[in-house]
Structure formats: C-alpha cells, structure tokens
Amino acid sequence: MKEKRDDVKRESKTKTFGILTAGGDCPGLNAAIRGVCRAAYDRYGMTAVGIAKGYAGLINGDFRILRQEDFSGILLRGGTILGASREKPFKLKHDEFHNLVENDNIALIKEHYQKLNLDCLVILGGNGTHTTGYLLSQEGLNVVGLPKTIDNDIVGTERSFGFHSALAVGTEAVDRLHSTAQSHNRVIVIELMGHKSGWLALHAGVAGGGDVILLPEIPYDIKAIGKHLMHRFQSGKGFSIVVVAEGAMSIEEAVMEKKDRKKFREKTASPSIAYRVAHEIEEETGMETRATVLGYMQRGGIPSASDRVLATALGTAAADLLAQGKYGRMVCLENGGMGSVDLIVPANKTKTVPENHFMIDTALAVGTCMGIET
Ligand code: F6P
C-alpha cells in the first residue's frame with residue numbers, strides 16, 4: 001500500500017508547544033489555531049497544549065492537551081475555542097492601600113511552562129500580547145507570535161487577520177445607514193472600533209462612501225466639519241454620513257493631558273465619541289443628527305474568506321518556525337507572502353495611519369472631509 005504523506009513526520013525542533021489567544025477576540029482566531037495545530041500535528045508530529053483565557057490560563061494553570069478533534073471543524077467559527085482575556089502578567093500590582101505588592105505572575109508562568117515541558121509558547125494577539133510575548137522571551141521562554149486584531153495596527157505585518165472581516169461589517173453598516181439618513185434628511189454618525197489607530201474607520205469610510213471620516217491620528221475641527229456638511233446641504237444633499245473611529249478627538253481635546261481630557265469628556269455626559277460628535281454637529285449646523293455605535297458586532301461572527309486564508313497561512317508558517325526552532329519571532333504578511341520579524345518589532349508599538357498615507361489622499365480626492373480644512 002502506498003504510504004500516506006502524513007504518516008512520515010518531518011523533523012522538528014519543537015516537540016510540545018502551548019497555544020493561547022490573548023486580548024480582544026476577532027474573526028479568524030480559530031482558523032489560525034487550526035492552521036498552527038494541523039500543520040504541527042500532521043507534518044511534524046508535535047503536541048499542542050491549549051491554554052485557556054490568554055495569559056490568565058498560563059498564570060492559573062488552566063490548560064489541556066488538544067486532540068485532533070479539538071481543532072477540526074473550527075475554520076468558520078467566530079471567537080476562540082481557547083477563550084481570551086486581557087490579562088497583562090507584567091502589570092504592576094497594588095494592594096487596597098495602593099502599595100506596590102510583589103507580582104508572582106512571571107514565576108507562575110515559568111513554573112507552568114516547565115511543568116508542561118513546553119519547547120515554545122505560541123501567542124495569538126495584538127500589540128499588548130506581543131509586548132508581553134517579547135518580555136517573556138527576555139525571561140528565557142521561547143515564544144512565537146501570530147498577529148491578530150480588527151484594528152490592523154500591529155507593526156511588522158502588512159495585515160493582521162480579523163481586519164478584513166471587521167471591515168466588511170463596518171462597510172455594510174455604513175451602506176445601510178445611507179438609506180435612513182437619506183429618508184430622514186439627517187446626519188448619521190457611525191462609530192467604529194480603533195482606539196489609537198483609524199485603519200478600520202478609514203477603510204470602511206472610503207468603502208462605504210462616508211462624507212466625513214474622523215481618525216485618532218487627525219484631531220478634528222468641528223468648524224471644518226460643519227462647513228463641509230453645510231456645503232453638501234446647500235448643494236442639494238440633505239443627508240450625510242460621518243464615520244468616526246472610537247479614539248478620535250477634537251483639536252481642543254488633542255492638546256489636553258489624558259486626565260484633563262477624561263474630566264472634560266465626563267462633563268459632556270456622552271457615552272462615546274459618536275454621541276459627542278453628533279451633539280457638536282447639531283450645535284454647529286442645526287442639522288438633525290443621530291449616532292450609531294457598532295461595537296462588538298465588528299468582532300463577532302464568521303471570518304471572511306480573506307481572513308481565513310491569512311489566518312491559515314500565518315498558522316502554518318508559525319508551525320514551520322516551531323519546527324525550525326526559530327523562536328522569539330512573530331509571523332507576518334510581507335510583500336504579499338509569509339515572513340517573520342523579531343518580537344521586538346511589534347512590542348510596545350502601534351501602527352498608526354501616517355499623515356501621508358495614500359488612503360487619506362484617496363478619501364480627500366473623492367470629496368471626503370477628514371475633519372480639518374484642506
Ligand atoms: O483591540 C481590538 C479592539 O477591538 C479595539 O478596537 C477596541 O478599542 C478594544 O478592542 C475594545 O476592547 P474590549 O473588548 O476589551 O473593551
């Protein structure tokens with residue numbers, strides 16, 4: 001009988017690895033888990049240990065060996081079969097009197113890493129996850145990272161999985177809001193995720209034909225927005241769509257210290273930026289304005305075909321790194337293909353939208369206001 005290809009395992013420096021998903025969930029996490037584990041099992045005969053709820057599971061000892069059936073049939077599934085959390089193991093701990101107390105997280109992580117006989121820890125996450133991954137590698141652990149986030153703001157990769165699926169949801173929402181805005185002659189402000197970077201708002205705004213797009217990277221001037229909307233109105237367009245990233249801020253807010261900005265926002269009593277901008281537009285123009293916050297709709301559901309492909313490719317590329325014993329790296333999309341960068345590249349950084357990015361000029365060229373006079 002002809003030997004099945006998978007019966008012969010390729011050589012691998014990694015025998016056992018732990019795998020966790022940390023930070024906010026996003027579409028494509030399960031596709032990536034499947035990509036890593038399938039390739040690691042089928043090609044290399046490795047053992048995968050699933051760690052529950054991100055770094056919290058590594059601290060608390062919450063893990064189990066993954067069997068083939070665990071990562072079968074999960075390609076399309078949203079969320080993460082491993083669970084996720086925003087646990088930051090290196091964060092300083094304080095007691096009830098605000099005194100610094102000893103943080104035993106790292107000792108516990110090392111203890112569990114050794115107890116499980118791990119050769120490497122595979123982390124699926126965004127900026128925070130990779131910062132922690134880098135610090136753990138400095139503590140002597142072998143770490144391999146995969147870039148995931150709907151924000152697409154990880155330094156070192158052309159794209160993270162999750163972004164494409166969230167963009168589809170954001171664009172559909174902008175499309176759908178057009179009809180209500182048009183029927184009622186209203187301005188509708190839609191808030192998309194993106195605390196420090198506006199990739200999602202910029203792309204969904206351009207894809208959906210937003211009339212105004214506001215990003216955290218470009219502090220907005222409400223007077224410029226008002227002028228743009230009034231000009232549209234006077235030229236016969238009675239409605240407008242404003243796409244705003246959750247981290248956007250006005251030029252007045254941009255010069256404030258973080259704590260002063262917080263106080264200032266508390267005074268406005270608006271739950272988020274979309275409501276503040278809607279209120280400011282009404283004050284500035286007198287136009288009837290409404291706010292919609294898309295929230296977790298952007299992070300849920302099945303991944304797009306493009307995200308499934310990217311997550312699978314990154315996952316299998318990560319398995320190859322494990323086999324080669326190339327630790328301390330994040331797999332990435334590079335020149336349209338698979339590559340990897342040192343973990344120090346994404347650590348402690350955010351990929352923001354550069355002022356001269358072609359997409360900003362694209363938006364301006366089709367008459368979109370980017371929140372300031374141009
Ligand atoms: O990191 C992805 C992200 O979706 C950000 O855009 C958003 O600011 C954040 O997560 C919200 O996180 P949480 O679910 O913890 O509130």
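The values are calculated or read from the model by the stated rules, or taken from the named source; none is laboratory data. Keep in mind that what you see is a predicted model, and the values were worked out from it rather than measured. Note that each Cβ is placed from the backbone with ideal geometry, even for glycine, and that neighbours are counted across all protein chains shown. For accessibility, only protein heavy atoms count, side chains too; no ligands or nucleic acids. Shrake-Rupley method; radii C 1.70, N 1.55, O 1.52, S 1.80 Å.
Observations
- Solvent-accessible area of K263 with every protein chain in place, 1.4 Å probe, in Å² to the nearest 10: 130
- Which listed pairs, of K262/K349; K53/K263; K110/K326, have C-alpha distances above 31 Å, in listed order: K53/K263
- Shown here for the range 200-301: GluC sites (Glu not before Pro) in loop regions (DSSP other than H, G, I, E, B) with at most 16 other Cβ atoms within 10 Å, namely E257, E288.
- Area of D361 that stays accessible when all protein chains are in place (1.4 Å probe, Å², to 10): 100
- Ordered from longest to shortest, the equivalent ellipsoid semi-axes for the range 331-374 are 31, 14, 6 Å, each the square root of 5 times a Cα gyration tensor eigenvalue.
- Summed side-chain charge close to M230 - residues other than M230 whose Cβ falls under 15 Å, Lys, Arg +1, Asp, Glu -1: -3
- Carbon/sulfur fraction of accessible area - the range 190-268, other protein chains in place, 1.4 Å, %: 57
- Using only the C-alpha atoms, the convex hull of the chain corresponds to 155 Å³ per residue.
- Solvent exposure of the range 230-297 amounts to 60 Å² per residue of accessible area, where only protein heavy atoms count and the probe is 1.4 Å.
- The ellipsoid equivalent to the alpha-carbon distribution of the range 1-133 has semi-axes of 32, 17, 10 angstrom, derived from the gyration tensor eigenvalues as √(5λ) and listed largest first.
- Each Cα pair under 8 Å and six or more residues apart adds its separation to the average, and for the range 212-286 the resulting relative contact order is 42 percent.
- Kyte-Doolittle mean at least -1.0 and Cα axial length at least 24 Å: DSSP H helices in the chain: 163-184, 305-324
- For the range 306-374, GluC sites (Glu not before Pro) meeting the loop criterion (DSSP other than H, G, I, E, B) and having at most 14 other Cβ atoms within 10 Å: E355, E373.
- Within the assembled protein chains, the solvent-accessible surface assigned to R329 is about 70 Å², based on a 1.4 Å probe.
- For the chain, a crude dipole built from +1 on the beta carbon of Lys and Arg and -1 on the beta carbon of Asp and Glu, taken about the Cα centre, is about 940 debye to the nearest 20.
- Proximal charge balance of G128 [Cβ under 12 Å; K/R count +1, D/E count -1]: +3
- For the range 233-332, the gyration tensor built on C-alpha atoms gives a prolate shape. Its axis ratio a/c (a ≥ b ≥ c) is at least 1.5, and a/b is the larger of a/b and b/c.
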